Amino acid sequence: MKIVEVKNVVKTYRIGEIETRALDGIDLNIDEGEFMTLVGPSGSGKTTLLQLIGCLDRPDSGVLKIGGQDVVHLKNGQRADLRREKIGFIFQFFALVPVLNAYENVELPLLLNGVSAKERKERTLDLLEAVGLTHRINHRPDQLSGGEQQRVAVARALAPRPLLVLADEPTANLDTENGIQVMGIMQRLNQETGTAFIFATHDPRVVAYADRVVKLLDGHIVDNNAKG
Amino acid sequence: MAFGKIWVIAFRDLGRNRRRSGLTMLAVALGLALLILMSGLVAGIFDSIIANSIQLNSGHVQVRAESFVFERPSLDWQDLLEDSDELLQRAVNTPGVKAAAPVLWSSGFVDTSNEMFGVSVTGIDPESSFHDPIRENMIAGEYLSIDDRDGVLIGRKLAEELGLGVGSKISLLVGTSDGETDVDIFTVRGVFSTGIVLYDRGVYMPLPKAQAITNVGDRISALILLADDTKMADPIADALRSPGLSLVTWKDMNALILGAMEQGMAFYYLIYAIIILVVAVIIANTLLMSVFERTRELGILAALGLKGHQIMGMVLLEAGTIAILGSIGGILLGLLAVWFLSTNGIPIGDDVASMVESYAYPSVFYAKFVPGVFSAVTLAMLGIVLLAAVYPARYAARLEPVDALHAL
């Protein structure tokens with residue numbers, strides 16, 4: 001089943017007088033449970049495409065549907081609802097809320113989604129166990145290593161049981177060992193939960209894990225399944 | 001549901017930069033303490049000016065002859081009250097009247113060896129409790145007795161200026177009812193100090209002697225009435241109203257002071273507004289700085305699905321926490337300062353007090369507890385601080401998640 005449908009999407013950025021076409025007529029479908037990467041050199045449009053799929057930004061034109069729902073014309077509040085319920089995010093910088101500990105960071109999306117206290121606790125502890133951080137639940141981000149922070153971010157992204165998780169360069173700031181560990185965790189959780197994962201990356205280690213590799217160049221998709 | 005965690009984030013964010021949060025709270029606290037202290041002091045000063053004027057000069061109600069003009073006190077018989085004894089009896093029997101004092105106002109000169117010194121001369125019934133403030137503030141010698149035929153009381157300021165003391169003989173020229181002057185030698189029986197320069201320049205003598213020297217028979221200038229309560233002034237005046245009499249209340253007699261106070265309040269309100277504004281700018285600045293620093297975090301929260309109004313609520317909660325904690329400190333500090341100045345006062349000295357001679361300006365300022373005003377300035381402070389937080393909060397709420405995430 002298609003969970004993401006991108007049709008002829010265009011996105012242009014304007015910085016001063018200079019107009020840059022980041023995405024130039026992109027078509028892409030993503031199925032339930034996929035584990036795919038977007039690859040391409042810097043400026044090829046990977047991050048822009050992730051931001052559009054993540055409803056963090058809007059395309060200039062084209063069709064964009066998440067879970068069958070047109071998201072281009074949603075109001076800001078509705079897009080926030082959609083992000084909260086259906087999309088998990090993992091960023092290159094370990095984007096945790098610095099004043100909350102590991103447990104609270106994972107619990108936050110559940111709180112925002114109105115999940116009951118009992119279920120919140122169960123799901124939070126399960127996820128922290130799944131990423132191997134049961135012993136670090138009371139630590140704040142500044143007390144965790146980069147790899148640990150990114151594992152908390154993975155747990156947080158999965159907490160609301162989203163349709164898909166978007167990860168922008170998730171291993172860029174990790175050493176090889178931690179990068180492999182985080183990728184392994186994500187792959188396992190993809191298989192266990194059936195949540196689709198989409199990565200933007202340069203990292204060949206990440207690409208090796210992917211079931212499908214989509215290549216971008218200058219705002220175009222040049223290969224829709226480089227691996228298959 | 002999520003509100004609880006938003007509050008936790010807001011509260012912990014305040015703890016991230018403790019020094020900045022603390023200094024901002026201190027600004028709120030000092031600003032509010034200053035407002036409370038100032039309003040307490042102003043209320044104390046204004047109250048004491050009015051209370052002094054009522055107790056030492058105007059009373060709550062005065063009964064005068066209809067033709068009597070206070071600004072130009074005349075000793076013409078037609079301008080004076082006759083049958084004052086009967087009037088006194090009626091007044092004393094009127095509900096709400098605490099004290100009644102017949103007075104005769106005239107002016108005169110103290111003839112020192114080298115100059116004539118203009119003074120107000122008041123004939124009083126020394127036994128009337130209206131004059132208690134004088135009796136209780138004798139600093140030398142004795143108070144007057146009604147049958148003293150050549151004794152006077154003088155104020156401290158006059159005593160100092162003319163180098164007089166208890167037992168000094170003074171030559172006093174007094175205007176009389178027929179437009180002449182009469183002169184007599186008096187002995188200073190005592191010196192009083194009310195603490196108000198205006199009154200501490202006066203000469204007081206027993207009423208019968210004043211009536212004799214001014215040649216007015218048993219007439220008086222006015223009957224001054226002191227009420228149990230300020231609110232009783234109007235009912236008392238109504239009860240005593242009759243043809244040929246003019247009844248004036250403390251409000252009429254102190255209209256000039258009350259008017260000046262109103263004008264003065266406008267000035268104080270301006271100062272209050274400036275203080276509140278300065279605090280508001282500090283708050284807005286602190287919150288903006290903290291929002292700028294956290295732009296990326298706010299982007300993360302937005303990516304997690306936190307809505308604009310929730311982010312706005314978070315920033316307002318931070319402002320509210322600063323405002324409330326700061327205000328608690330400000331109230332405590334302000335009340336402490338008011339308490340200190342209500343017991344110890346600020347001496348301002350005779351020189352300053354005498355610059356505003358026409359008012360019953362005290363030479364020591366005391367603050368006063370005015371809970372209503374304190375609550376009002378506190379609420380104003382809280383309200384304006386929250387209002388100042390609206391801009392940073394809206395700024396945070398309107399950040400586009402994608403832009404916020406890119407901020408470094």
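Of note:
- Check on B:Ser242, farther than 30 Å from B:Gly40 by Cβ, among the polar types (S, T, N, Q) and more than 14 Å from every other protein chain (Cβ to nearest Cβ): yes
- Residues located in the stretch A:151-177, provided they are at pLDDT below 90 and within 22 Å of A:Ile137 (Cβ to Cβ): A:Pro170, A:Leu174
- Wholly within the stretch A:119-228, strands (runs of 3 or more DSSP E) carrying at least 1 residues that are touching a strand residue (DSSP E or B) at 6+ places or on another chain (Cβ under 7 Å) and of a type in the set (Gly, Ala, Ser): A:164-168, A:196-201
- Of everything listed in (1) under 21 Å from A:Leu164 (Cα atoms); (2) assigned to a strand (DSSP E or B), the single unmet condition for A:Gln51 is (2).
- Conditions (1) buried (at least 18 other Cβ atoms within 10 Å of the Cβ); (2) acidic (Asp, Glu); (3) in contact (Cβ under 8 Å) with a residue 60 or more places away in the chain: number failed by A:Glu85: (1)
- Subset of the stretch B:143-176 (residues that are over 21 Å from B:Ala101 (Cβ atoms) and either out of contact with any strand residue (DSSP E or B) (no Cβ under 7 Å at 6 or more places or on another chain) or not assigned by TED's automatic domain parsing to the domain that holds B:Asp132 (or both)): B:Lys157, B:Glu160, B:Glu161, B:Gly163
- Matching helices (runs of 4 or more DSSP H) fully within the stretch B:1-120 where at least 3 residues are in contact with a helix residue (DSSP H, G or I) (Cβ under 8 Å, 6 or more places away or on another chain) and surrounded by 19 or more Cβ atoms within 10 Å (Cβ to Cβ): B:2-16, B:18-53
- Residue that is over 33 Å from the mean Cα position of the chain (by Cα) and assigned to a helix (DSSP H, G or I), where the choices are B:Gly329, B:Gly299: B:Gly299
- Scanning the stretch A:62-76 for residues that are loosely packed, with under 14 Cβ neighbours inside 10 Å and farther than 21 Å from B:Leu399 by Cβ yields A:Gly68, A:Gln69, A:Asp70, A:His73.
- Those residues of the stretch A:193-219 which are in contact (Cβ under 8 Å) with a residue 40 or more places away in the chain and acidic (Asp, Glu), in sequence order: A:Asp211, A:Asp218
- Qualifying residue in the stretch B:298-321 (condition: within 8 Å of another protein chain (Cβ to nearest Cβ) and either touching a Ser or Thr at 6+ places or on another chain (Cβ under 6 Å) or more than 22 Å from A:Lys75 (Cβ to Cβ) (or both)): no
- Count of the stretch A:122-153 residues which are more than 11 Å from chain B (Cβ to nearest Cβ) and more than 19 Å from the chain's Cα centre (by Cα): 16
- Residues satisfying the stated conditions in the stretch A:55-113, i.e. in a loop (DSSP other than H, G, I, E, B), of a type in the set (D, E, K, R) and out of contact with any helix residue (DSSP H, G or I) (no Cβ under 6 Å at 6 or more places or on another chain): A:Arg58, A:Asp60, A:Lys75
- Index of the failed condition, A:Glu119 passing every other in (1) in contact with a Lys or Arg (Cβ under 9 Å, 6 or more places away or on another chain); (2) away from chain B (no Cβ under 11 Å); (3) free of Cβ contacts under 8 Å to residues at least 60 places away in the same chain; (4) charged (D, E, K, R): (1)
Quick grid of which residues meet (1) closer than 18 Å to A:Val99 by Cβ; (2) β-branched (Val, Ile, Thr):
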position: B:Phe11; (1), (2): yes, no
position: B:Arg16; (1), (2): yes, no
position: B:Ala27; (1), (2): no, no
position: B:Leu32; (1), (2): no, no
position: B:Gly44; (1), (2): no, no
position: B:Ile50; (1), (2): no, yes
position: B:Ser58; (1), (2): no, no
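Residue-by-condition table, conditions (1) of a type in the set (Val, Ile, Thr); (2) away from every other protein chain (no Cβ under 14 Å); (3) closer than 30 Å to B:Arg16 by Cβ:
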{"site": "A:Asn8", "(1), (2), (3)": "no, yes, no"}
{"site": "A:Glu17", "(1), (2), (3)": "no, yes, no"}
{"site": "A:Asp31", "(1), (2), (3)": "no, yes, no"}
{"site": "A:Thr37", "(1), (2), (3)": "yes, yes, no"}
{"site": "A:Ile53", "(1), (2), (3)": "yes, no, no"}
{"site": "A:Gly67", "(1), (2), (3)": "no, yes, no"}
{"site": "A:Asn113", "(1), (2), (3)": "no, no, yes"}
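- Residue within the stretch B:78-96 that is at pLDDT 90 or above, closer than 17 Å to B:Lys209 by Cα and in contact with a Leu (Cβ under 8 Å, 6 or more places away or on another chain) present: no
- Taking the criterion of being touching a residue at least 24 places away in the same chain (Cβ under 8 Å) and within 14 Å of chain A (Cβ to nearest Cβ), the residues of the stretch B:17-45 that qualify are B:Asn17, B:Ser21.
The values are calculated or read from the model by the stated rules, or taken from the named source; none is laboratory data. Just so we're clear, the structure is a prediction, and the values are computed from it rather than from any experiment. Here the Cβ is made from the backbone with ideal geometry for all residues, glycine too, and neighbour counts use every protein chain on show.
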